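The values are calculated or read from the model by the stated rules, or taken from the named source; none is laboratory data. Keep in mind that this is a model prediction, so the values were computed, not measured. Don't worry about glycine lacking a Cβ; one is built from the backbone with ideal geometry, like all the others, and counts go over all protein chains shown.
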Amino acid sequence: MIPLVLAAALLPLGELPPQPLPKGSGCAVFLWTRSDPPLRIAMLSERTGRLKLVLGRREVELPRLEEPDTYGNRTVRVTLDLSLDAATPLGAGAFVGGVMRVERAGEDELALAVGGLRACV
């Protein structure tokens, strides 16, 4: 069960449906909240440089911005501070962990502890 405070804080974010990673599409990072139960909240395609997530009940893809590890548009900006755990290789992937910051223009800012997997096909 997600704590009530966390659920209220996540309102601008929704759970991302399963994202297929077709053969030959390169590598992607899949991120979940560190809550119980975890929610799949983002997928970063390394090939396209786009971050996919659900904002306001809509699935959106945010392009990479000039700042390192930052994605967004005129209404939202997402910054990822992730590290790969190279000590736990999974074939062509690895575990990741870190923080995802979501800023909505003129509204609020949210920082979430995230964990996930980097997978390559």
Members of segment 90-108 that are at pLDDT 80 or above, on the phi < 0 side of the Ramachandran plot and either assigned to a strand (DSSP E or B) or of a type in the set (A, V, I, L, M, F, W, C) (or both):
Ala94, Phe95, Val96, Gly97, Val99, Met100, Arg101, Val102, Glu103, Arg104, Ala105
When residues of segment 65-80 are filtered for being farther than 18 Å from Val99 by Cβ and assigned to a strand (DSSP E or B), how many remain?
0
Name the pairs whose Cβ atoms lie under 9 Å apart, with the first residue in segment 25-43 and among the charged types (D, E, K, R), the second modelled with pLDDT under 95 and part of a loop (DSSP other than H, G, I, E, B), and 6 or more positions between them or separate chains?
Asp36/Met1; Asp36/Ile2; Asp36/Pro3; Arg40/Glu15; Arg40/Leu16; Arg40/Pro17; Arg40/Pro18; Arg40/Gln19
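Looking at Ala111, Ala42, Ala119, which is the one that is modelled with pLDDT under 95, closer than 21 Å to Gln19 by Cα and surrounded by 12 or more Cβ atoms within 10 Å (Cβ to Cβ)? Before you say what the answer is, go through the steps one by one.
Details: Ala111 fails: closer than 21 Å to Gln19 by Cα; Ala42 fails: modelled with pLDDT under 95.
Exactly one of Ala111, Ala42, Ala119 is modelled with pLDDT under 95, closer than 21 Å to Gln19 by Cα and surrounded by 12 or more Cβ atoms within 10 Å (Cβ to Cβ), namely Ala119.
Using the structure shown, decide if Val99 is touching a strand residue (DSSP E or B) at 6+ places or on another chain (Cβ under 7 Å) and surrounded by 12 or more Cβ atoms within 10 Å (Cβ to Cβ). Reasoning before the result, please.
Working: touching a strand residue (DSSP E or B) at 6+ places or on another chain (Cβ under 7 Å): yes; surrounded by 12 or more Cβ atoms within 10 Å (Cβ to Cβ): yes.
So Val99 passes the test.
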